[in-house]
1. So, in nm, how far is label residue A:167 from label residue A:300 when the simple model puts each one 7 Å beyond its Cα toward the Cβ?
2. Take the alpha carbon atoms of the stretch A:424-450, find their center, do the same for the stretch A:248-318, and report the distance between the two centers in whole angstrom.
3. Using helices alone, I'd like the mean residue ellipticity at 222 nm for the protein assembly as shown: each DSSP H run of four-plus residues gives -39500 (n - 2.57), total over residue count, nearest 500.
4. Once the mean 1/r over all distinct Cα pairs of the stretch A:28-104 is inverted, what Kirkwood radius in angstroms do you read off?
5. Per 0.36 nm of contour for each residue apart, how much would the distance between residue A:389 and residue A:242 grow if the chain were fully extended, relative to their Cα-Cα spacing?
6. Could you state the angle between the C-alpha long axis of helix A:50-63 and the longest principal axis of the C-alpha atoms of chain A, as a value from 0 to 90 degrees rounded to the nearest 10?
7. Which angle between 0 and 90 degrees, to the nearest 10, do you get for helix A:213-222 versus the longest principal axis of chain A when only C-alpha atoms count?
8. What does the structure give for B:39-47 when I average, per residue, the other chain Cβ atoms found within 10 Å of the residue Cβ?
């Protein structure tokens, strides 16, 4: 008969303890484990390729249990089907859930719909949303984790650390500041250093970032403990990723042109090999049928049929439409003057009723408003420059009216500016002027002020303005920009 | 903000995209990149989409 202390009774305990020691020392790690991380970034509402992504990921999942799908942010903003859905951005949320995303890092455009919409997104997401350098200035608000851990079937731990860009001067991500009330953003590189400990506790250490490629390189230089950086923000396509300081840096372009794939081989609890590549989704033919049907449903967004306003008459001509568009920019943003180039007015009339989709036909380019502080002389130079580009009126305007006197060669010899009501205009003061980002980028007029995007789209402002039921009679036959051929030899050029 | 394209400085508004900066630099080059005839590469030789967001003193080349 065995006593309670007999060696034979102790044998199972010893075996168990030995087993624990083996596990602790890592000797029971599988000889070699293959982890696949698929990654996307900067979708900007482009949902159509996700049926192909779903198929590719599903095929891989059938062969390998250790497959993770992640995104490096900026999945909102850029496609009216997604942006105008109710709730806003819902197609992205729904499709991410259906595709089985594991983790998302916040991008700056995730804040574009406001924190209430983001809070809903986070609440409904069946994946983890991370961002380590986001801080709350007051209790409550959106809730995200600094990092997330995922495990393979055999217990290999993968840490994903989330980091978002913050403008070096304003210290906030590139979205409208009103969307970030109550939030602060720490320097992403300094923040990353605090999470060095993740290396010790996990076999694979990944930074999932929305910093842009240049900052990803600096992150790799500062935090050599990382195995991989999966990036976004700069829309960089890296078909053959290289290592910096031993860290593999990958990014998959933008708008799902590519699906990124990282293969990590873990051997004995350590990363033995890591490689990355891009899958060109344009060359992929297979689609997940159910996801494809879901995307087709979203593309028939009924919200786009919504009536914004009833018109008492058909608004005809680019003068009237240009005045409407520039009034929207000026009035919604409390600016003094706003300009819109003729080429950016893509309809020749608006008729009753105005539906949401009409605004995206009128102004389809998703230009943002760029604000400048300009002198009267600079405004005059801008108008003259725009006229001389094509020898005709090119800028529609709100806040002022103008007449260009031209010579036979199409040169603007004078620009006469008045207030909208015809009263004199003060050329000596400075004005807050809104230009579309297209005009700001392409019109080569040297301004003292370098300008700043206000992070609002012109078409969003037009929706708001039209919905506010403006006085439509203002636009009947309105002309604020005219050209007057100068009398030969009589031009009084300024 | 200042961006460098083909080693020339481009002064562009804050919040501009890579496409805005390229347009400021050369409308013709912008059209070529948009049409896929040329590529916009970052300082490390990786292709960048015209919608890519910028940071101060970023460098690009066209090829």
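Please treat every number below as a calculation from the coordinates, not as lab data. The structure presented is a predicted model; accordingly, all values stated were derived computationally and were not measured. Cβ: placed from backbone, ideal geometry, glycine included. Neighbour counts: every protein chain shown.
1. 4.2 nm
2. With the stretch A:424-450 and the stretch A:248-318 each reduced to a Cα centre, they are spaced 36 Å.
3. Values: 16 runs with 158 residues, N = 557.
The helix contribution divided over the protein assembly as shown gives -8500 deg cm²/dmol.
4. Working: mean 1/r = 0.0741 Å⁻¹.
Kirkwood hydrodynamic radius for the stretch A:28-104: 13.5 Å.
5. Values: separation 147, 0.36 × 147 = 52.92 nm, distance 4.49 nm.
Full extension from residue A:389 to residue A:242 adds 48.4 nm.
6. Orientation of helix A:50-63: about 10 degrees from the principal axis.
7. It works out to around 40 degrees.
8. Working: counts 1, 1, 2, 8, 3, 8, 3, 12, 6.
Rounded to a whole number, the mean comes out at 5.
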